[in-house]
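Reviewing the structure listed below.
Just so it is clear, none of the values below were taken in a lab; they were calculated from the coordinates. Being a predicted model, the structure only gives us computed values, none of them experimental. Cβ placement follows ideal geometry from the backbone for every residue including glycine, while neighbour counts extend to all protein chains displayed.
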Amino acid sequence: MDNLTESEQRLIETIQGGLPLVARPYAAVGEQIGLTEAEVIASLAHLIQIGVIKRLGIVVRHRQLGYRANAMVVWDVPDAQVTAIGQQLGQFDGVSLCYRRARHLPEWPYNLYCMIHGKDRNAVLRDLDKLIAIYNLSHIPHQVLFSRRCFKQSGACYTFRSVTICLPQRAAGGG
Amino acid sequence: MMDAITRKIINQLQGDFPITEQPYAQVAERLGITETELLQQLTNLLDQGLLSRFGPLYHAERLGGGLTLAAMPVPENKFDQVAAQVNAFPEVAHNYARNHELNMWFILATEQPERIDEIIQEIEAQTGLPVYNMPKQAEYYLGLKLEV
C-alpha cells in the first residue's frame, strides 16, 4: 500500500464495492475521484499487473449458487515438487484455490492446500478421485477436511488503511 | 432454475473483465446479448444475492495487511466456548469447524502484518490452546472457474 500513489489508493477505495453498472464505468469512476477515463483505465491495468487486483469481474456467493460442500484438501508434497503439483491442482476445474503453506512438523506435515467446492460431499469426493487419477497423485499423502459448521462468516471483511476487503467464501480454507 | 444466459454470464465473467471504454458492450457482444440486457442481468444477480459484487478482488497482502490461516485442536466439549472466545477477536473471520484433530480453522486478518503473531499469542493465552499459524508461501492461482 505504501508504494501506491494517492490516486491509486482512491481508486481502490472507490471501486471496492463494485464497478458502476453503466455503459462507461471507468469514466463514471473517474468522475467521482477527479481522474479521466483514460487515467482510470491505465491505473487499473497497472493494479492488475502488479497483482493488487487479483481479478476483475463477478464475485460469486458459492452457497447461494448451490455449492454447499467445501473440502480443504491438504497434501504432503516433497518440496521439490510442490510448485509443479500446485500448478496442476490450480488448473483443475473443481479447485478454487491452491496455496503452499508452512508445515508444522511432526504433527502437521501438509504443505499444499486446495479448496474443492461441490453441490454435496459426494460430488467433492468424486472430483478429488478424478483429480488424483488425472495427475497421478495416489502416492502423495493427503487428507480431506470437510467443513462441519461455519461460525463466523460476517467478519469476512477487513479494513486495511481505508480499504475494506471482503474475502469471498471460497477463501475459507485458503485465505 | 437458472437460464442459459445467466449461466453463461456467471461462467464467463469471473475474471478478465475488459478495461476498455465500453467493457459491458464488449462482453455483451461476446455473449450474444445487448449491453442493456447484460447490465439488467448483472443488476438482477446482485439483487438476488447470487453475486457479492461485480468488481475487483483485491490481494490483501499486497495492500499492506497481514493475512494468515490458523488452526487449533479444540476438545469437543469446549468447542463452543473456545469458538466464542476466538470469534470475539475482530481480526478473526471465516471460522470453520473441520473434521480433524485440528478442528477449528479460521482466517486472521490484521491491518499491520506484525499484529498476526500478537493476536495468535493473545488467542493462545485466552484459550490455553495452541494456535498453528499456516502462513501462505505461494499461491497457485489460475483463475477461478465455478461452473453453474
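Anisotropy class assigned to region B:4-47 is rounded, per the alpha carbon gyration tensor with a/c under the 1.5 cut-off.
The aspartates and glutamates whose alpha-carbon is closer than 17 Å to the alpha-carbon of B:Lys8, local same-chain residues fewer than 8 away aside, are A:Asp93, B:Asp16, B:Glu29, B:Glu35, B:Glu37, B:Glu147. In this rough spin-label picture, where each label sits 7 Å from Cα along the Cβ direction, the A:Ala38-B:Glu29 distance is 2.1 nm. Seen through its C-alpha gyration tensor, with square-root eigenvalues sorted a ≥ b ≥ c, region A:37-113 comes out oblate because a/c lies at 1.5 or above while a/b is not bigger than b/c.
Each label was represented as a point 7 Å from its Cα along the Cα-to-Cβ direction; for B:Asn11 and A:Ala80 these points are 4.1 nm apart. 3J(HN,Hα) along region A:50-67: 8, x, 5, 9, 6, 8, 10, x, 6, 10, 8, 9, 4, 4, 5, 8, x, 8 Hz, from the Karplus curve 6.51 cos²θ - 1.76 cosθ + 1.60 with θ = phi - 60°, whole Hz, x for Gly and Pro. Along the axis of the charge dipole computed for region A:1-108 (Cβ charges of +1 for Lys and Arg, -1 for Asp and Glu, origin at the Cα centre), the listed residues A:Gln64, A:Pro106, A:Ser43 are led at the positive end by A:Gln64. Distance between the pseudo-spin-label points of B:Gln126 and A:Gln87 (7 Å out from Cα toward the beta carbon): 4.2 nm. Could you tell me which of B:Val82, B:Gln41, B:Gly64 has its Cα farthest along the dipole of region B:6-148 towards the positive end, charges placed at Cβ (Lys, Arg +1; Asp, Glu -1), taken about the Cα centre? Working it through, the farthest residue towards the positive pole turns out to be B:Gln41.
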